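Structure, as structure tokens:
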Amino acid sequence: MFSRFLFEKIDRSGWIFLVLLAVTCVLVPILNLAVPPTSVFHVSNTAMGLWGKYMTYALLAVAVDLVWGYCGILSLGHGAFFALGGYAMGMYLMRQIGPRGVYANPILPDFMVFLNWKELPFTWWGFSSLPYALLMVCLVPGLLAFVFGWFAFRSRVTGVYLSIITQALTYALLLAFFRNDMGFGGNNGLTDFKDIAGFNIQAQPTRAVLFSLSVIALMLGYLAARAIVTSKAGKILIAIRDAEARTRFLGYRVEHFKLFVWTVSAVMAGIAGALYVPQVGIINPSEFQPANSIETIIWVAVGGRGTLVGAALGAGIVNFAKSWFTGAFPQGWLFALGGLFVFVTLFLPKGVLGTFTEWWNARRSAPKPPASAATQPAE
Amino acid sequence: MRRLSFFATILALAALIITGPALAQTGHGPDSQALAQRFATENFNEIAGAVAALASSGSSQAAPIIEALRDGRLVYRPADRSVFIRQADGSFALAATGTAAPAPEGTRPVRLNNNVRRAIDAAMGALSLMHPDPARRVAAAEAVFKSRDATALAALAIALPGERDARVKKRMEEARAAILVADSKAPDAERIEAIGVIQRRGDQDALAMLGSLPSDTSPLVRQAADNAITAVGRSLVVWEAAQNVWYGLSLGSVLLLAAIGLAITFGVMGIINMAHGEMVMIGAYTTFVVQQVIRTSAPALFDVSLFIALPLAFLVAGGVGVLIERLIIRHLYGRPLETLLATWGVSLILQQAVRSWFGPTNREVGTPSWMSGSFEIGNLAITTNRLAIIIFAGLVFAALLLVLKRTPFGLQTRAVTQNRRMAGAMGIRTNWVDAFTFGLGSGIAGLAGVALSQIDNVSPNLGQGYIIDSFMVVVFGGVGNLWGTLVGALTLGIANKFLEPYAGAVLGKILLLVFIILFIQKRPRGLFALKGRAVE
């Protein structure tokens, strides 16, 4: 069953993507742990941490592409789901610190001691257990997305209006999480993590495992998304994207399909956030900034909307460029990012991957129709 | 002669209350020479009595003498009992007249003890009740009102009849009433009358005042106070609501200014201009530059700097808008989500450009003198700059309505909006109409920037703070409808200010966002939705 799926539904770029990821998943930890730092093949801790971060961004981008590229829902609020997953993981990590905090309180995290709180708020209940935290990582973003989507899709809020209220959603959460009395660390967020599942979070092997887990999560996320878009439901999603009213007139319950894919996408974003937090060591309200969510959109647009692999690729390209730019010309990054937004929308409407596949197909065989329908989303 | 005896009576009373009965019999006439001479002594009680007498004499020398005494600059010559003030610069003046005097020989300082210091403090309070500056008199009366210091009663009794300024007089009467209400030994009739005065004041302080009657108050007075509390409470609710409406209008007009340009580009043209906030920022920075130039080259013009900045901000922001439209947006018509991405890119570039040019920190934009200050209507405090912004927002709105409804350009804009191809076929140059409409929206954002520079920090992030609010206003009001934007902005502004006291500023805002999200579910196209075929 699964092998049939693999061989029938994964296209060429998907295979290349999966193989590359599988190699990275094994090779990078080995090059980090087993190869001595003097060797040219050694991968430094910093580099592995950075790449691990990119992997979680790529998963977030795949999640956004799933709703935007295949269902036409331009979400300006996926950063919110990412951050909520991150907070769920961050709360687990906070509870693992135990009495090793500055105030040495075995139960309360430092910021609560600082605020003179006497007991854990009910929202923190159960977060000392990893399975519960992992459940929350999926449940909280999923539930929020479900409720939000339930209201939004049922009343047929579409297009620009939907984008703007998703932005309002993440903005409202930003304001809420900045408040100290929310019990999530306020402005400073959650940080100073020590252990994860009993292992020292700073230790090299732990970091290597986290890296591999991120890669695996990305692969699984891609496979899940691919399974959805190549299924029968996926065809309907594409139909909704291209002509929502006609799909509705054909008798499909458009809002159910939208709600399903929207919720799945939010859960994927939440998982990405949960893997992001232990690798960067902090989660704070700035993750809710609308600008972050919009930046995620540009990853997808750069890589190629409606291609999944392209979205992941775009996340890699843009973030690599960001790391390089902020090192080389700190002043120049916003110019470059802004320019990228303008350039991609004007000159590369199909993104890097979409443009490349089109060019490749055209070169290979003139008579064959160019690319599949999935790579050419219409408004 | 009658006047003299009146003065003497008051003086005796004042001295009696301020310094206690022991000193009462040493009261002198209001002759400043005699008053000043009383300081030429080693007797502390005599000095304290002199202070009180001087303070209530109404002499113009009272303040300088008492200040000099407080600062240890008052000296006397025992030989002839003449008193001098040593000025800060070391020269001397005759205390009685204030005229300059040659440096005297063999003087001693007039000494202080705690008793004298207390007398000085009381005297300074009484003196400020007679200060030539009305603002100082009001402040003094307010201080008495808050402290309910019974010793000030005498000073008030002197100050009140001579007071010409109605506002100051009112404050003094309230201060007097406050003392009476708190004084359980005063006759009931007087206290009830005083309660009436406090009730007319009708603010939070009055409420606190009436709520803290001494325990041995008669039931009659207490009853009157309770009635007054209810009445004040009622009027407070009304005034509070009025104040909230005013703040809400003020916030709403700011929202209107920020959003109205967006209502044109987003509502009329269907373009999501994420760089709209940066147009506002450009307007604010234009104001800054104009003021810089005026400060260095023509400081006299500072008060009209905003009037110079307004047309310039309109032109600069509008010009940038036309440029953006010609270079980028015209390639993206009919693809609203793509204009969102491209203009977001433009906004990042503009922010960074301003940051590189002017630095990342806040820039100081001055307020012209005619825009600073405030006045009161009843219990309503109204600041002039907020009032100016409300009026300005109204003017901009009216002007825009006029342009769109009454000019050929407005007609063409509406034609292109409704049916681009038909408009083109009728000979309208749709390209130019697009460019100028976008320019108009951006220019108005620039005007908003001039106004916002008066109430907000001018920094590269200025625009970011308004972009989400602006979109909320436009979406809430209904796209493509200027009246909707007006109603949307005012509703959200006022709703925000009414939520704030209960939920706090941040939570209020969150509630409002949630409300808008829910509202959009009910009316996906806003309050005043366009109907008909043009909608889709």
ask   = Residues B:Val346, B:Val403: which one is assigned to a helix (DSSP H, G or I), within 12 Å of chain A (Cβ to nearest Cβ) and β-branched (Val, Ile, Thr)?
value = B:Val346
note = Among the residues of region A:129-152, the number that are at pLDDT below 90 and more than 7 Å from chain B (Cβ to nearest Cβ) is 0
query = For the subset of region A:164-220 comprising residues that are of a type in the set (Gly, Ala, Ser) and outside any helix (DSSP H, G or I), which member is farthest from A:Ala88 (Cα to Cα)?
reply = A:Ala203
inquiry  = When you scan region B:273-288, do you find a residue that is closer than 25 Å to B:Val416 by Cα, acidic (Asp, Glu) and in the same structural domain as B:Gly441 (by the TED database), even just one?
reply    = no
inquiry  = Between A:Val28, A:Val64, which is crowded, with 24+ Cβ neighbours inside 10 Å and assigned to a helix (DSSP H, G or I)?
reply    = A:Val64
inquiry  = If A:Val302 meets every condition in (1) modelled with pLDDT of 90 or more; (2) surrounded by fewer than 23 Cβ atoms within 10 Å (Cβ to Cβ) apart from one, which number is that one?
reply    = (2)
message = For region A:165-180, check the following and say yes or no: at least one residue is more than 14 Å from chain B (Cβ to nearest Cβ) and either farther than 20 Å from A:Thr56 by Cβ or in contact (Cβ under 8 Å) with a residue 60 or more places away in the chain (or both).
response = no
ask   = Which condition number in (1) assigned to a helix (DSSP H, G or I); (2) within 14 Å of another protein chain (Cβ to nearest Cβ) is the one that B:Gly424 fails?
value = (2)
task = Could you please let me know if A:Ser286 is closer than 24 Å to A:Ala133 by Cα, crowded, with 24+ Cβ neighbours inside 10 Å and either away from chain B (no Cβ under 14 Å) or modelled with pLDDT of 90 or more (or both)?
result = no
query = Which condition number in (1) within 12 Å of chain A (Cβ to nearest Cβ); (2) among the β-branched types (Val, Ile, Thr); (3) within 26 Å of the chain's Cα centre (by Cα) is the one that B:Ile328 fails?
reply = (3)
task = Identify the residue in region B:86-112 that is assigned to a strand (DSSP E or B) and among the charged types (D, E, K, R) and, among all such residues, is surrounded by the most Cβ atoms within 10 Å (Cβ to Cβ).
result = B:Arg86
note = Of the residues in region A:348-379, those that are under 18 Å from A:Arg305 (Cβ atoms), of a type in the set (A, V, I, L, M) and modelled with pLDDT of 50 or more come to A:Leu348, A:Val352, A:Leu353, A:Ala371
key: Candidates B:Val290, B:Val280, B:Val322, filtered to the one that is in contact with a helix residue (DSSP H, G or I) (Cβ under 7 Å, 6 or more places away or on another chain) and under 20 Å from B:Thr417 (Cα atoms)   = B:Val322
query = Hey, A:Thr123 hits all of (1) closer than 30 Å to A:Val157 by Cβ; (2) touching a helix residue (DSSP H, G or I) at 6+ places or on another chain (Cβ under 6 Å) but one; which does it fall short on?
reply = (2)
ask   = Would you say B:Thr417 is on the phi < 0 side of the Ramachandran plot, surrounded by fewer than 18 Cβ atoms within 10 Å (Cβ to Cβ) and in the same structural domain as B:Glu325 (by the TED database)?
value = no
request  = State all residues of region B:444-497 that are within 14 Å of chain A (Cβ to nearest Cβ) and of a type in the set (Phe, Trp, Tyr); if no residue qualifies, say none.
outcome  = B:Tyr466, B:Phe471, B:Phe476
Residues (hydroxyl-bearing (Ser, Thr, Tyr) and under 20 Å from B:Ala157 (Cα atoms)) located in region B:173-216 = B:Ser184
inquiry  = I'm trying to understand the selection: among the residues of region A:94-106, which are in a helix (DSSP H, G or I) and surrounded by fewer than 24 Cβ atoms within 10 Å (Cβ to Cβ)?
reply    = A:Arg95, A:Gln96, A:Ile97, A:Gly98, A:Pro99, A:Arg100
message = Looking only at region A:227-274, count every residue that is free of Cβ contacts under 8 Å to residues at least 24 places away in the same chain and farther than 29 Å from A:Ser3 by Cβ and tell me the total.
response = 11
ask   = Only one of (1) within 14 Å of chain B (Cβ to nearest Cβ); (2) among the hydrophobic types (A, V, I, L, M, F, W, C); (3) within 16 Å of the chain's Cα centre (by Cα); (4) over 23 Å from A:Gly85 (Cβ atoms) fails for A:Ile317. Which number is that?
value = (1)
query = Somewhere in region A:185-200, is a residue within 20 Å of the chain's Cα centre (by Cα) and either surrounded by 16 or more Cβ atoms within 10 Å (Cβ to Cβ) or of a type in the set (A, V, I, L, M, F, W, C) (or both)?
reply = yes
Residue list for region A:329-364, restricted to those being away from chain B (no Cβ under 14 Å) and over 22 Å from the mean Cα position of the chain (by Cα) = A:Thr355, A:Phe356, A:Thr357, A:Glu358, A:Trp359, A:Trp360, A:Asn361, A:Ala362, A:Arg363, A:Arg364
note = Only one of (1) over 25 Å from B:Leu512 (Cβ atoms); (2) among the hydrophobic types (A, V, I, L, M, F, W, C); (3) at pLDDT 90 or above does not apply to B:Ile444, and that is (1)
note = Inside region B:356-385, the number of residues satisfying the requirement of being part of a helix (DSSP H, G or I), out of contact with any Leu (no Cβ under 8 Å at 6 or more places or on another chain) and touching a residue at least 60 places away in the same chain (Cβ under 8 Å) is 4
task = Go through region B:54-74 and give me each residue that's touching a residue at least 60 places away in the same chain (Cβ under 8 Å) and hydroxyl-bearing (Ser, Thr, Tyr).
result = B:Ser56
ask   = For region B:194-230, how many residues are modelled with pLDDT of 85 or more and among the charged types (D, E, K, R)?
value = 1
Condition check for B:Glu174: of a type in the set (D, E, K, R), buried (at least 21 other Cβ atoms within 10 Å of the Cβ) and part of a helix (DSSP H, G or I) = yes
key: Hits in region A:295-327 (condition: in contact (Cβ under 8 Å) with a residue 24 or more places away in the chain and of a type in the set (Ser, Thr, Tyr))   = A:Thr296, A:Thr307, A:Ser323
key: Qualifying positions in region B:357-366 - in contact with a helix residue (DSSP H, G or I) (Cβ under 6 Å, 6 or more places away or on another chain) and either among the hydrophobic types (A, V, I, L, M, F, W, C) or surrounded by fewer than 16 Cβ atoms within 10 Å (Cβ to Cβ) (or both)   = B:Val365
note = Residues of region B:503-522 being more than 9 Å from chain A (Cβ to nearest Cβ) and at pLDDT below 80, in sequence order, are B:Ala503, B:Ala505
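The values are calculated or read from the model by the stated rules, or taken from the named source; none is laboratory data. Here the structure is a predicted model, which means the values were calculated and not measured. Quick reminder, even Gly has a Cβ in these numbers, built from the backbone with ideal geometry, and neighbours come from all protein chains shown.
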